[in-house]
1. Can you tell me which of (1) at pLDDT 95 or above; (2) in a strand (DSSP E or B); (3) within 19 Å of residue 47 (Cβ to Cβ) is the one residue 77 doesn't meet?
2. Out of the residues in the stretch 189-208 meeting the condition of being in contact with a strand residue (DSSP E or B) (Cβ under 7 Å, 6 or more places away or on another chain) and either surrounded by fewer than 18 Cβ atoms within 10 Å (Cβ to Cβ) or free of Cβ contacts under 8 Å to residues at least 12 places away in the same chain (or both), tell me which one is farthest from residue 235 (Cα to Cα).
3. Quickly run through the stretch 58-101 and pick out the residues that are in contact with a helix residue (DSSP H, G or I) (Cβ under 8 Å, 6 or more places away or on another chain) and farther than 26 Å from residue 30 by Cα.
4. Give me the strands (runs of 3 or more DSSP E) completely within the stretch 1-73, filtered to those with at least 2 residues that are in the same structural domain as residue 149 (by TED's automatic domain parsing), touching a residue at least 12 places away in the same chain (Cβ under 8 Å) and closer than 13 Å to residue 107 by Cα, ordered by residue number.
């Protein structure tokens, strides 16, 4: 996988899902076919290096499966032509082929545990579970999501497998500020990382309130594209 950070809640989309795309570091060398699985030719980058990927780095995703739900953050990808993914698929088959045969999410231990420590099929929507962004019901498997996420794609650094760590133990601020718990615009404007947003009737089901910068930027973009720039306006009164 390619990583843009690390964390126990990391999730990794396969290529073609939610705007995820990868390319060989030296495309001039092309691809090498390794095997055929389920009638599909499986190949890897001939340069023998991990592909470079563009992903929606840091975007939260709510996954629902078998009556359980969990929020994960995209920090990595599951490349189609990665030599390790391909070699594992061709030599072992089965679940080792998930990155190269179908669109899905590879989960780190925390979201995997939250969903019952088992593989399966579920739904995945943009936004943390229960958030305003999640209420827009944008399935990351949809063309709508792939189109809307384009401005938030970034290139991840080349790492095949990063060492997982607990960000709270590492002394790194973890998670978003609790902006949604603030009911007053003045209070919101004095909170670091928060901004007050005004929602018009065109922004339903969104409501005016205090949002983190990250969620506000995504919501402002989505509303602007789909419902007009006046639908959802975010700014600090002290700006």
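The values are calculated or read from the model by the stated rules, or taken from the named source; none is laboratory data. Keep in mind the model is a prediction, meaning the values are calculated, not measured. Neighbour counts are summed over all protein chains in view; Cβ atoms, including those assigned to glycine, are modelled from backbone coordinates with ideal geometry.
1. So residue 77 meets the others, but not (1).
2. The initial filter retains those residues of the stretch 189-208 that are in contact with a strand residue (DSSP E or B) (Cβ under 7 Å, 6 or more places away or on another chain), namely 189, 193-199, 203, 206-208.
Remaining after also requiring either surrounded by fewer than 18 Cβ atoms within 10 Å (Cβ to Cβ) or free of Cβ contacts under 8 Å to residues at least 12 places away in the same chain (or both): 189, 193, 198, 207-208.
Details: 189: 9, 193: 12, 198: 9, 207: 15, 208: 12 Å.
Checking each candidate, the answer is 207.
3. Selection gives 58, 59, 60, 62, 63, 68, 69, 70, 71, 72.
4. On the way: elements: 10-13, 21-23, 31-37, 40-45, 52-55, 60-65.
It comes to 10-13, 60-65.
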